[in-house]
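The values are calculated or read from the model by the stated rules, or taken from the named source; none is laboratory data. This structure is a prediction, so every number in the text was calculated from the model and none was measured. Neighbour counts are summed over all protein chains in view; Cβ atoms, including those assigned to glycine, are modelled from backbone coordinates with ideal geometry.
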Ligand SMILES: Cc1cc2nc3c(=O)[nH]c(=O)nc-3n(C[C@H](O)[C@H](O)[C@H](O)COP(=O)(O)O)c2cc1C
Ligand code: SF4
């Protein structure tokens, strides 16, 4: 569900800022016709008439930060691409979206794929790239079809293709060729990690690469490469079209702009809520109908399962990079998974840890072995067969994974362990002293029907 209400002074919805989602509810929102009716490809026209370095400077000044999780400044990433090096440059869009709870890029691509294509054209102009790739999570076949169709429309319109055809259709001199290749991955969480993604795109098994060299120097086919998240690139056309001041009028000094927040779990109205950075979960819940009737919030993730859990006491934390960081977590992908008092935190953490153990690529020992042992301990505790000393062992193993693994998947696996022990140690102890789980799983609707599933099923 998208909230695309007008921003009226007195309504709680005044806090929302629908840009990427502003016409998702229109018939055939994904077509070029609809996109053009909503000022589509205006940002591209402006950008192509500007020198590439000016485009980079504009995106940098606007303060756009990567929406893939780490919040790295997008313009600065583009600036790292060496110029005049005689090598091909590549743009690779990360559309792997596999983090539990994260569900923004797939709906965005499904409803408005042209925002991404327009952003890619602008980014390629800025970094002087003639070939861009979209690495999509392969299981989402309807989105794959829609992307293929949108790319076809963009070729037909002359936005993509050979320089001659583009010059003729766009009436702009000196345009280089530009091709977009849509690639469907085979469905592995680790292939969202940018260097594993590049290996997978080159046809190898997806495992993270040693850095340096960083992708900006030796990325795809050992050439300078920018890897950006779908939402990061799709946010660029509006900045070109409406200006950096407009973008900076939303959010905060260090985290400006609008973004997609994905509400899921035990909430009355799950869905995408597009608002300025710095909005709070309390405000989002107030305007969306709150936690499901008769229940109260127990814990939540600010940005997917790899960001440390927060609780009811953090409802007023500003959802931007600095605010969530100061509260001891990370903004991540802004996947706000909400769990009410019927949820067993030990069970939730066990399921997430099973996911990380399953998705560990096996390249480094702390993550490969550590996630396996975490699962064994957690399953025992959940089943009432744990011992008090297991809690220390859990923290110790998580500590040996965190910061000591080859890539950030390991850190992500440690996050729910540390944060749940910090806020809910008593609940772990209850499982041990009581010889089992004190919660009735039938009262919680968030679990997938298949109890052996390693994925979190959200049916709120
Ligand atoms: C295990 C793992 C999975 C990741 N999955 C994704 C993903 O699905 N999509 C994404 O954009 N970034 C993902 N990232 C982050 C990427 O490595 C990279 O930082 C991001 O694509 C950069 O884009 P941005 O600068 O636009 O945020 C993942 C990182 C790790 C460690
Ligand atoms: S941390 Fe895990 S996923 Fe990352 S390289 Fe090591 S084993 Fe692979």
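Some points to look at:
- Just one residue in the set 39, 99 is part of a loop (DSSP other than H, G, I, E, B) and under 29 Å from residue 355 (Cβ atoms); that residue is 99.
- Residues of region 279-301 classified as part of a loop (DSSP other than H, G, I, E, B) and buried (at least 22 other Cβ atoms within 10 Å of the Cβ), total: 1
- If the condition is being in contact (Cβ under 8 Å) with a residue 12 or more places away in the chain and more than 19 Å from the chain's Cα centre (by Cα), then region 303-327 contributes 311, 312, 314, 315, 316, 317, 327.
- Scan of region 382-433 for residues that are over 22 Å from residue 98 (Cβ atoms) and part of a loop (DSSP other than H, G, I, E, B), ordered by number: 383, 384, 385, 386, 387, 388, 403, 404
- Among the candidates 23, 72, residue that is closer than 19 Å to residue 105 by Cα, modelled with pLDDT of 95 or more and outside the structural domain of residue 127 (by TED's automatic domain parsing): 23
- Residue match in region 62-69 (condition: out of contact with any strand residue (DSSP E or B) (no Cβ under 7 Å at 6 or more places or on another chain), under 14 Å from residue 215 (Cβ atoms) and surrounded by fewer than 24 Cβ atoms within 10 Å (Cβ to Cβ)): no
- Residue within region 434-442 that is at negative phi, assigned to a helix (DSSP H, G or I) and modelled with pLDDT under 95 present: yes
- Residue check for residue 47: within 18 Å of residue 245 (Cβ to Cβ), buried (at least 21 other Cβ atoms within 10 Å of the Cβ) and in the same structural domain as residue 178 (by TED's automatic domain parsing): yes
- Positions within region 383-423 being in contact with a helix residue (DSSP H, G or I) (Cβ under 8 Å, 6 or more places away or on another chain), surrounded by fewer than 20 Cβ atoms within 10 Å (Cβ to Cβ) and over 30 Å from residue 68 (Cβ atoms), in sequence order: 384, 387, 388, 390, 391, 393
- Which numbered condition residue 272 misses (of (1) in contact with a strand residue (DSSP E or B) (Cβ under 7 Å, 6 or more places away or on another chain); (2) part of a loop (DSSP other than H, G, I, E, B)): (2)
- Every pair of residues 6+ apart whose Cβ atoms lie under 6 Å, when the first sits in region 364-378 and is farther than 15 Å from residue 403 by Cα while the second is within 16 Å of ligand 1 (Cβ to nearest atom): 372/357; 374/353; 375/353; 375/354; 375/357; 378/353
- When 361, 367 are checked against the criterion of being assigned by TED's automatic domain parsing to the domain that holds residue 402, assigned to a helix (DSSP H, G or I) and within 16 Å of ligand 1 (Cβ to nearest atom), a single residue qualifies: 367.
- Condition check for residue 105: within 16 Å of ligand 2 (Cβ to nearest atom) and crowded, with 23+ Cβ neighbours inside 10 Å: no
- Flag for residue 426 being surrounded by fewer than 22 Cβ atoms within 10 Å (Cβ to Cβ), free of Cβ contacts under 8 Å to residues at least 12 places away in the same chain, more than 16 Å from ligand 1 (Cβ to nearest atom) and over 18 Å from residue 345 (Cβ atoms): no
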